[in-house]
């Protein structure tokens, strides 16, 4: 019979008084034990037991001394589990004495050992005992934390779980500030799926689908669900309040993710021949876990949130969609999940293995296109300025400045005159939008190589665009003599892919020279690499050293509405 059972038999336990029958039992036990006196300084065990049975105060003192001695002995010989079991009985004794804080301390130590050794049922029952301690001591925060663990434990009867679940919800209104409770067995993370494929553009949405398994016996209304994301960079060592450096050794580790120390093992016979080969795992030295270091908590200021709130979390699997706008660029890692129930914050441990989200920023781009048609000298043509907005919204007053080289003129307004420099206001400012602006451009006939310089706020250096112009046609003249007549043959050769129409060609030598025109009055067509002959007859030769061929107009059929240009060519002897 243990000392606790003896105290219950004799009515000597706290908060009780012995009956007359129990007093007779004490008298009988004392008489039956006989006399075995010890020395005055070292009383015998019989004397100690008789003294303990004399009064309730003596029994309490003797019980506590023997319990403490037994616990210390078990710890000394390495039997920690047995010491925790005695501590659990000692906690019940303190409860009878009304000292709930001491009882909670012994039950807390026992709970840690039971959880580490996977004694699930014993740990669950200890949680119930702890809840009674906290309720008697009016410790609301610890009572809520314990009620959450009891309500989610499958090793406790359902009716008891419902009762503590209701008590937890009632006490939430008494909290003055948020209470942080780890997930543990309350909520389990089944899976996390990043819905975005590849890198995410800045200012777009980051979407993550989380599947949570709730072990609460009933549904619970969640005011918020958060998923923290952390910048992917090397964590620096920091000092805590006690000036202890928190480094790699003190960080919580996932045992399932630890690398095993595997090495080769060879067995040889006596004659040095190989008998067998195998792979063995070296024993990892056990290290004591520092219970004073709490797991690091993520910063939930930058996190993904649930859009549909409040959210009803039901027992079993729950699929939750979390999202936020990707405002910052870089690589981010998923940190922790937090489920908020009013002032109760249920927070998971750090998510392992680490899942990374990359956010990129796409800058605006500008491009000047000439289209499929070649650029021709002396003719006004069309080009397109294309501005593509990147992944973020730009300033509505942003402009693009175009500056041309000498001899090149541009304009984006239909009725405005051509200039060497223009400013174009970007009208489309939303992300991933596009603005296409038609540009009128004209290059003189003296320079074939030109340049347009583009300047805007998203480029530190001006962007040069080189343009190459070609003449639309070339001309050659030959003088033929037949007896007393002179025939002038002017040959026009097309140098572009366009079809050119030549109207009213004319060769002039001055007022005193008569010229007979043999050309048809209608327009003549010049195609690529094609020749067109213009025949003129000089009636009076005279003494002239210069002739001028004038084509009244050349129109390009490929340009909408046509475009006319007068060309002059001088021929000298």
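Just so you know, all these numbers are worked out from the coordinates, no wet-lab data involved. Note that the structure is predicted; figures quoted are calculated from it, not measured. In this analysis, Cβ positions are derived from the backbone assuming ideal geometry, glycine residues included, and neighbour counts consider all displayed protein chains.
General observations
- Considering all different alpha carbon pairs of region 87-157, the Kirkwood hydrodynamic radius works out to 11.9 Å.
- Using the Cβ-Cβ distance between residue 105 and residue 193 with R0 = 35 Å, the FRET efficiency computed as 1/(1 + (r/R0)^6) comes to roughly 0.20.
- Value of relative contact order over region 365-468, rounded to a whole percent, pairs C-alpha under 8 Å and six or more apart: 32 percent
- Computed from the C-beta positions of residue 427 and residue 480, the FRET efficiency with R₀ = 56 Å rounds to 0.40.
- Mean shadow area of region 365-468 over all directions, Cα convex hull, nm²: 6.6 nm²
- Taking label positions 7 Å along the Cα-Cβ direction at both residue 325 and residue 419, the computed distance is 3.6 nm, reported to one decimal.
- Linear extension gain, residue 270 paired with residue 470, 0.36 nm per residue minus alpha-carbon span: 62.6 nm
- Spin-label zone in region 313-350 - amide nitrogen under 19 Å from a point set 7 Å from the Cα of residue 174 along the C-beta vector: 341-345
- Spin-label pair residue 139-residue 447: with each label point 7 Å from Cα along the Cα-Cβ axis, the two points sit 8.7 nm from one another.
- Modelled FRET efficiency - R0 41 Å, residue 207 with residue 121, Cβ distances, 0.05 increments: 0.50
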